[in-house]
Amino acid sequence: MVAESDSSPDVQPPEQAREETRQRIIALCRPLLEAEGIELVDVEWGSGAGHSTGRLFLHRPGGVTIGECQRMHRAVMAMLMVEGIANERTALEVGSPGLDRPLRTASDFRRAEGHFVTVRRRVAGDGGREERLVGKLLSADAALTLALDEGGEAAIPLDDVIEGRFDIRM
């Protein structure tokens, strides 16, 4: 006797479905926002108990205004409803990512050039050990170049970076 599996091939794990929805939102929103001179920094998406919550984080040199966030909220929400992603039970938040946001992508780090940052990276060939480096970000290309607080410079391949954050100093 062969036992049948309870899982259907059409059913996705919640994390996979959430990430696919997130990627779809990015693909839909990026052209709309870029036409307005606004960069889409990140998208968060979650759902449960009959409702969904989305967060869009926007950036523009000099900052995004509350009015721009409101205008983009209306445009994006209308588009997501037409696409069947959002409905009347969807909460959508649109705002700036703020200074404490994680830096993960090359464009995140390019925006941080000239500022002090903390970078967590994987140490190659050392069993998954992580290293934390702090300093001024001099450049961000295929590798990050940091002027380290402790002296000297470090070149960190972007592929080794786990995450960075602005290091706020008073």
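Results, tabulated for the structure shown:
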{"item": "Tail beyond 21 Å, pair distance distribution of the range 24-93 (Cα, percent)", "result": "20 percent"}
{"item": "Between helix 14-35 and the chain: long-axis angle, C-alpha atoms, 0 to 90°, nearest 10", "result": "70 degrees"}
{"item": "Rounded to 10°, Cα long-axis angle of helix 66-82 versus longest principal axis of the chain", "result": "40 degrees"}
{"item": "The chain: radius of gyration and largest Cα-Cα distance (Dmax), Å", "result": "19.9, 71"}
{"item": "Long-range tail of P(r) for the range 90-170 (Cα pairs > 16 Å, %)", "result": "49 percent"}
{"item": "Å² of accessible area per residue within the chain, as computed with a 1.4 Å probe and no ligands counted", "result": "61 Å²"}
{"item": "Sulfur and carbon atoms: percent of accessible area, the chain [1.4 Å]", "result": "51 percent"}
{"item": "Mean Cα-pair separation over length for the chain, i.e. relative contact order, pairs under 8 Å, 6 or more apart, %", "result": "16 percent"}
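The values are calculated or read from the model by the stated rules, or taken from the named source; none is laboratory data. Values in this document were obtained by computation on a predicted structure and should not be read as measured data. These accessible areas exclude ligands, DNA and RNA; they are computed on the full protein's heavy atoms, side chains included. Shrake-Rupley method; radii C 1.70, N 1.55, O 1.52, S 1.80 Å.
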